[in-house]
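Let me begin by presenting the structure, written as structure tokens, before commenting on it.
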Amino acid sequence: MLPVLKALAGGDVIPVAKLRARIAAAEGMTDEDIREMLPSGRQAKFTNRIAWALVHLGSAGLTERNGRGVYKLTTDGETLLADPPTRINLRYLARYPTYVEWRSAGRDRPAVDRSNTPPPEDSTETPEEVLENAARLLRQSLETEVLDRVRNAEPDFLERVVVDLLIAMGYGGGESAMGRVTGRSGDGGIDGTIREDALGLDEVYLQAKRHGVGNTVGAHDLRNFAGAIDAAGTTKGVFVTTADFTRAARDYVMRSPKRIILIDGEKLASLMVKHGIGVRTRVQHEIKRIDEDYFDQEAF
């Protein structure tokens with residue numbers, strides 16, 4: 001937040017794009033720094049943090065918005081810059097009553113005796129980052145549990161999972177009738193198939209290996225799978241394991257003329273969660289932003 005205030009120094013009204021450029025130059029930021037994305041991949045972290053810095057600074061009465069995407073320092077902001085602290089964080093802003101009131105708005109606490117309101121937490125993350133990091137931790141925990149469930153299920157359950165997953169990912173046109181489990185004695189190393197067209201002219205062959213933590217699938221298994229694909233007269237296959245693949249196995253696939261995709265346990269769990277296989281949505285949060293066009297008075 002201090003770099004934002006410094007970039008507004010001089011009393012000029014500055015567009016946010018110019019403000020970002022000033023901060024990037026002053027802080028010696030590289031193009032890579034500026035392009036770094038939030039975990040969601042939907043917005044640059046640099047852009048997000050400046051936007052929230054302006055929100056917090058404005059709530060403390062240190063900056064003000066003078067039109068669409070245009071900001072300037074207030075008198076309080078200029079006073080602060082005359083003798084600036086080494087750092088401005090949320091705890092520092094708690095000395096401004098308007099900021100404490102803004103932070104307290106909507107909380108279940110009396111509207112009197114604000115002097116006893118504890119200072120806000122000393123956080124360096126924006127609300128989006130807090131939400132996304134929490135969501136990431138929840139997702140990682142869920143993926144771990146999903147993989148553990150699959151590893152401890154019956155062997156043929158994994159085969160069903162793989163077929164359901166590929167259908168959910170859009171293979172076979174997303175129609176469940178286009179996928180089938182074939183794993184059985186004498187199946188030639190093929191545990192399932194996905195027909196990519198109604199006539200079955202093009203098929204993806206599947207193999208699933210259920211292994212525990214620390215186990216690996218080697219090049220020998222991949223050579224056998226490639227042979228099974230070749231014997232079936234097709235060129236495409238997906239090999240899934242709840243464990244991992246050896247380096248030799250991955251190298252073999254890269255050299256093989258067959259188009260074989262490898263999905264290890266970690267990737268399997270990630271795809272299952274992403275495509276809703278074995279999981280369901282419990283709570284969904286929607287984040288909204290101001291519609292600047294709606295509030296643009298010049299448009300009326």
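Of the residues making up the stretch 223-235, those that are free of Cβ contacts under 8 Å to residues at least 40 places away in the same chain and not in a loop (DSSP other than H, G, I, E, B) number 7.
If the condition is being among the charged types (D, E, K, R) and not in a helix (DSSP H, G or I), then the stretch 242-277 contributes Asp244, Lys258, Arg259, Asp264.
One residue stands out in the stretch 18-43 among those that are part of a helix (DSSP H, G or I) and either small (Gly, Ala, Ser) or touching a Cys at 6+ places or on another chain (Cβ under 7 Å) (or both): the one that is nearest to Val70 (Cα to Cα), namely Ala21.
Selection of the stretch 51-73 for residues being assigned to a loop (DSSP other than H, G, I, E, B) and buried (at least 17 other Cβ atoms within 10 Å of the Cβ) yields Ala60, Gly61, Leu62.
Looking only at the stretch 77-102, which residues are of a type in the set (D, E, K, R) and crowded, with 16+ Cβ neighbours inside 10 Å? Result: Glu78, single match. Note on the stretch 257-300: residues that are polar (S, T, N, Q) and modelled with pLDDT of 90 or more amount to 1. Every test in (1) open to solvent by less than 20 Å² (accessible area, probe 1.4 Å); (2) in contact with a helix residue (DSSP H, G or I) (Cβ under 9 Å, 6 or more places away or on another chain) is passed by His220 save one, and that test is (1). Scanning the stretch 39-50 for residues being open to solvent by 20 Å² or more (accessible area, probe 1.4 Å) and in contact (Cβ under 8 Å) with a residue 24 or more places away in the chain gives a total of 7. Counting only residues that are more than 15 Å from Trp52 (Cα to Cα) and open to solvent by less than 10 Å² (accessible area, probe 1.4 Å), which one in the stretch 8-20 is modelled with the lowest pLDDT? Selected residue: Ile14.
The values are calculated or read from the model by the stated rules, or taken from the named source; none is laboratory data. Given the structure is predicted, the values throughout are model-derived calculations rather than measurements. Quick reminder, even Gly has a Cβ in these numbers, built from the backbone with ideal geometry, and neighbours come from all protein chains shown. For the accessible areas, the whole protein counts, side chains as well, though only heavy atoms, and no ligand, DNA or RNA atoms are used. Shrake-Rupley method; radii C 1.70, N 1.55, O 1.52, S 1.80 Å.
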